[in-house]
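First up is the structure itself, then whatever we jot down about it.
The values are calculated or read from the model by the stated rules, or taken from the named source; none is laboratory data. All of these numbers come straight from a predicted model, not from anything done at the bench. So basically every Cβ, Gly included, is an ideal-geometry build from the backbone, and we count neighbours across all protein chains shown. Surface areas here come from the heavy atoms of the whole protein model, side chains and all, with no ligands, DNA or RNA. Shrake-Rupley method; radii C 1.70, N 1.55, O 1.52, S 1.80 Å.
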Amino acid sequence: MKKVTAIASIFLFSILRLQQFLHVSSSPLLYENQVHNESSGESRNFEQEQEDAPEVRCSRDRSRAAWKVIDQYLTPFVEKENYQLSKKCRLLPENDMFRDQEEHKIYLDRNEWRCGYCKKSFREEKFIDQHFDKRHYNLLDLTHGKCLADLCGALHCDAAMNSKSSRSKCNPEAAARNRHLCESLADSCFPISEGPSASRLHELFLHQFCEAHSCSGKHKPFSRGGKDQGSFFRLAVGALVLVLLPVFYLFLYLIQSDMKGRTQELRRISKSGWKAKSA
C-alpha cells in the first residue's frame, strides 16, 4: 500500500511540475469572476477616457503586426549581413509611431500588463493600449509617414495575423498595388548600388515579400523563412526531460524494490514449505 501511495504521489508531483512549466493552470470560478469584474471596470473607465482621447488615424494592431513581420522575416537576414538601413527606409523602428510605447509595454502574466512609463497595471493588452492612447498620447510621433500599418499591404500582415482577408478572393488591382509598394520598399531600403550586401537583401526582399503579390498562387509570402522557431520547442522538451527523468528513475526503483521484496517473500514461503515437509 505504501508503494502505491508513493507512486501516486510521484505522478501527482510530475503533473504539477509540468503544469507549472507550461504556465497551464485552471483558475477557480471565483477568481474568473473577479477578473471579469475588474476587466469590466477597466473597460468602463477607458470608455470614459476615450471620449476625450485624440483620434489617431493609424491602426495600432496592424502596426504591431507589421513590426512582428519585419522582426520575424526580415531582421534576421539584415543582421546576418550586418547591414545598416538608411534613414529613407520606412522599415526602421523609428518610423513606427507606436514603437516607443510598445517597448514600454511590460508583459508579466496572462492577466497582467504593466505600463513602463507610470507602472500602472492592467488585466488585458487592449486596456494598456487604451491607456497609452489617452495618458501617453504626447509620446506618439505623428510625423507623416510614421504609420507602419500603411505598409501592411506590402508586408502581408493579414497572412501573418491569419485574418479572413488573407483567405478572400484575390483582387488583381490590389495585388498590383501592393507589389508596387513592396518593390518601392526594396529599392529604398536596399539600393543595389550600395554594394553586395544591399544587393543580396534586395533580392531576398523581393522573394520574401513581393513575389507573393500575385493572383497566380505560385508564390507564398515568407518563402525564405524567418527566425528559428524550433529553438523554443527544443528548450521546452529539454526542460520536460530534466523534470520527468528523475521521476521516471524513481518510479523504476520503486517497482524493482517492490519486485525484490515479493521475491524474498516467496523464497521465505518456499523455505518454510520445505522445512515443513522435511519435518
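For this structure, a couple of remarks:
- Residues in region 81-96 that are open to solvent by less than 60 Å² (accessible area, probe 1.4 Å) and either assigned to a helix (DSSP H, G or I) or charged (D, E, K, R) (or both): 4 in all.
- For region 97-181, the helices (runs of 4 or more DSSP H) that sit wholly inside it and include 3 or more residues that are free of Cβ contacts under 8 Å to residues at least 40 places away in the same chain are 99-103, 125-135.
- Conditions (1) open to solvent by 50 Å² or more (accessible area, probe 1.4 Å); (2) of a type in the set (A, V, I, L, M); (3) in contact with a helix residue (DSSP H, G or I) (Cβ under 8 Å, 6 or more places away or on another chain); number of the one not met by Ile106: (3)
- Arg177 meets the conditions (1) under 22 Å from the mean Cα position of the chain (by Cα); (2) on the phi < 0 side of the Ramachandran plot in every case but one. The failed one is (1).
- Among the residues of region 156-179, at least one is modelled with pLDDT under 90, surrounded by 11 or more Cβ atoms within 10 Å (Cβ to Cβ), touching a helix residue (DSSP H, G or I) at 6+ places or on another chain (Cβ under 6 Å) and of a type outside the set (Gly, Ala, Ser).
- Among the conditions (1) in a helix (DSSP H, G or I); (2) modelled with pLDDT under 95, Arg200 misses just one, which is (2).
- When Ser193, Ser197 are checked against the criterion of being closer than 19 Å to Gln84 by Cα, of a type outside the set (Phe, Trp, Tyr) and touching a residue at least 40 places away in the same chain (Cβ under 8 Å), a single residue qualifies: Ser197.
- Looking across region 125-155, just one residue is in contact with an Asp or Glu (Cβ under 9 Å, 6 or more places away or on another chain), over 30 Å from Cys182 (Cα atoms) and open to solvent by 70 Å² or more (accessible area, probe 1.4 Å), and that is Arg135.
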